[in-house]
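Take a look at the structure set out below.
The values are calculated or read from the model by the stated rules, or taken from the named source; none is laboratory data. Remember, it's a predicted structure, so these values are computed and weren't measured experimentally. Because the Cβ atoms are built from the backbone with ideal geometry, glycine has one as well, and the counts that use them run over all protein chains shown. Accessible surface areas use protein heavy atoms only, side chains included; no ligands, DNA or RNA. Shrake-Rupley method; radii C 1.70, N 1.55, O 1.52, S 1.80 Å.
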Amino acid sequence: MLTTNLEQMKKAAKNGYAIPAINTQGGNYDIIMAICKAAEEMQSPVILAHYVSTGEFSGHDFFVNVAKWCANKVSVPVSIHLDHGSDFDICMKALKLGFTSVMIDGSTYAVEENAAMTESVVKVARAFDIPVEAEIGELQRLDSEGSVMENKNIADPEQVRQFLSLCNPDTLAIGIGNAHGYYKGEPDIKLDVLKKVREFTDIPFVLHGCTGMKEEVIKEAINIGVAKINFGTEIRYKYVQHYEEALKNLNHQGHSWKLSQYASNALVEDVKNIIRLSGSAGKA
């Protein structure tokens, strides 16, 4: 069933688990249905995440309609989330389209400017009863080999304190050495930053860049108060892998739906593994 995710995330932060947020590649039906099926089978809340860039092909409205249709086919809470909204305008567009959660990412700006941008979105989203995720401490950037290109994303807890004194997001992603993509080697994740921030706020945390991160690190982050864990890279590569398997091994006779069905069904198991990692099974 289609919901917002704020109450679910507050519950998760309080009870030591997280809700998986999985990128859907711009509204890919095979991926969205696999996520919803896995969530239903595991009785887990789940978040269907959407990057602006992945919607350039299909259209943001296409994503919303496919996500809503799939969400309403299952009984567990499913929210539709705009990930890394870069400015006020795209967040407003998402609200009008029917997203049930939005992220405003002003992490590349100074604290004051980031906070002002965040609060401008929060004020409007409150009128829609839609929760807002903010970010402080820009995610690291990786090259095609998984090596760090920039290393400026470790947030200063005092800057986080300042940020939260200037704006009121519902959830917060904090840069702690995490990055999008596959890591080359073991990432240096600074969980002590989360611990210090937790001393002065009970806001639910969000952890981005979980693909390739050690499971024990993710679980410890959840224990500190991470209520949402984001996966994108792993799922998109797994989907392509399953599709390739179908092309090679399935007697598909040129029927694309047979290839899609195979890949989607196989992906269900990958999503279940993420749900197990998050600890959200049985929490719907």
Quiz item: Among the listed residues Ser79, Ser86, which satisfies the condition of being polar (S, T, N, Q), more than 15 Å from Ile130 (Cα to Cα) and within 16 Å of the chain's Cα centre (by Cα)?
Solution: Ser86
Quiz prompt | Failed item in (1) more than 16 Å from the chain's Cα centre (by Cα); (2) closer than 21 Å to Asn178 by Cβ; (3) open to solvent by 60 Å² or more (accessible area, probe 1.4 Å), with Arg236 passing the rest | solution = (1)
Quiz item: When you look at Ala13, is it assigned to a helix (DSSP H, G or I) and open to solvent by 10 Å² or more (accessible area, probe 1.4 Å), yes or no?
Solution: yes
Quiz item: Quick one: is Glu234 at pLDDT below 95 and assigned to a helix (DSSP H, G or I)?
Solution: yes
Exercise. Just name the residue that is farthest from Glu7 (Cα to Cα) out of those in segment 162-182 that are open to solvent by 40 Å² or more (accessible area, probe 1.4 Å) and at pLDDT below 90.
Key: Tyr182
Exercise. Could you check, for segment 202-212, whether at least one of its residues is out of contact with any strand residue (DSSP E or B) (no Cβ under 7 Å at 6 or more places or on another chain), open to solvent by less than 80 Å² (accessible area, probe 1.4 Å) and either in a helix (DSSP H, G or I) or at negative phi (or both)?
Key: no
Quiz item: Only one of these conditions is not met by His208: (1) at pLDDT 95 or above; (2) within 21 Å of the chain's Cα centre (by Cα); (3) closer than 27 Å to Glu7 by Cβ. Which number is it?
Solution: (1)
Quiz item: Among the residues of segment 131-157 satisfying the criterion of being open to solvent by 20 Å² or more (accessible area, probe 1.4 Å) and at pLDDT 85 or above, which is nearest to Asp170 (Cα to Cα)?
Solution: Pro157
Quiz item: In segment 244-284, which residues are of a type in the set (Phe, Trp, Tyr) and surrounded by fewer than 18 Cβ atoms within 10 Å (Cβ to Cβ)?
Solution: Trp257
Exercise. Take segment 73-104 and flag every residue that is within 16 Å of Ile47 (Cβ to Cβ) and among the charged types (D, E, K, R).
Key: Asp83
Practice problem: Please specify each residue of segment 183-195 satisfying the condition of being crowded, with 18+ Cβ neighbours inside 10 Å and assigned to a helix (DSSP H, G or I). | Solution: Val193, Leu194
Self-check item: Number of the exception - Ile274 against (1) touching a residue at least 40 places away in the same chain (Cβ under 8 Å); (2) in contact with a Gly (Cβ under 8 Å, 6 or more places away or on another chain); (3) β-branched (Val, Ile, Thr)
Solution: (2)
